[in-house]
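Peer 1: Structure in structure tokens, see below.
The values are calculated or read from the model by the stated rules, or taken from the named source; none is laboratory data. Because the structure is a prediction, the values reported are computed rather than measured. In this analysis, Cβ positions are derived from the backbone assuming ideal geometry, glycine residues included, and neighbour counts consider all displayed protein chains.
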Amino acid sequence: MRVRVDGAEHVAERGQTVAAVLLAAGRGSWRTTRIGGRPRGLFCGIGVCFDCLVVVNGVPDVRACQRVVADGDDIRSQDGAELPS
Ligand code: FES
């Protein structure tokens, strides 16, 4: 499958999570904190900590460790977190 990571094309394997694709692309972090702009990426890997938030196909706050990648996904780094409205 082909996906895009911050605009660059990458090959992904069926069943990989978005986090796995990001790590395979050499990314250690893909989000910054709302306060202080500190880098965040994979931490717990089981959907608990919400450190791995990322934008997938324009939808923010996707947990990269829980979302299975799909062909054509557009994965983008995220600044902070979207607050519930
Ligand atoms: S790494 Fe903790 S929720 Fe994804």
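Peer 1: Please work out which residue is nearest to the chain's Cα centre (by Cα), limiting yourself to the range 36-59 and to residues that are within 10 Å of Gly80 (Cα to Cα) and part of a strand (DSSP E or B).
Peer 2: Val54
Peer 1: Looking only at the range 60-85, filter to residues that are over 18 Å from Val5 (Cβ atoms) and among the small types (Gly, Ala, Ser); which one of those is modelled with the lowest pLDDT?
Peer 2: To start, the set of residues in the range 60-85 that are over 18 Å from Val5 (Cβ atoms) comprises 80-85.
Next, from what is left, pick out any that are among the small types (Gly, Ala, Ser): 80-81, 85.
On the way: Gly80: 80, Ala81: 74, Ser85: 52.
Among those that are over 18 Å from Val5 (Cβ atoms) and among the small types (Gly, Ala, Ser), it is Ser85.
Peer 1: If you go through the range 34-59 one residue at a time, how many are over 16 Å from Gly7 (Cα atoms) and more than 14 Å from the ligand (Cβ to nearest atom)?
Peer 2: 5
Peer 1: Kindly establish whether Val3 is modelled with pLDDT of 95 or more, part of a strand (DSSP E or B) and on the phi < 0 side of the Ramachandran plot.
Peer 2: For Val3, the condition - modelled with pLDDT of 95 or more, part of a strand (DSSP E or B) and on the phi < 0 side of the Ramachandran plot - is met.
Peer 1: When you scan the range 63-78, how many residues do you find that are within 12 Å of the ligand (Cβ to nearest atom) and under 20 Å from Gly37 (Cβ atoms)?
Peer 2: Here the count works out to 1.
Peer 1: Using beta carbons and a limit of 8 Å, which pairs, at least six apart or on different chains, have the first residue in the range 44-62 and at positive phi and free of Cβ contacts under 8 Å to residues at least 60 places away in the same chain and the second one assigned to a loop (DSSP other than H, G, I, E, B) and of a type outside the set (A, V, I, L, M, F, W, C)?
Peer 2: That search, which allows pairs on different chains as well, returns Gly47/Gln66; Asn57/Asp73; Asp61/Glu82.
Peer 1: Here's another thing I want to ask about it. For the range 13-34, enumerate the residues that are part of a loop (DSSP other than H, G, I, E, B), surrounded by 14 or more Cβ atoms within 10 Å (Cβ to Cβ) and free of Cβ contacts under 8 Å to residues at least 24 places away in the same chain.
Peer 2: Ala25, Arg27, Ser29
Peer 1: So which residues in the range 63-85 are without any contact (Cβ under 8 Å) to a residue 60 or more places away in the chain and assigned to a strand (DSSP E or B)?
Peer 2: Scanning the range 63-85 gives Arg63, Val68, Gln78, Asp79.
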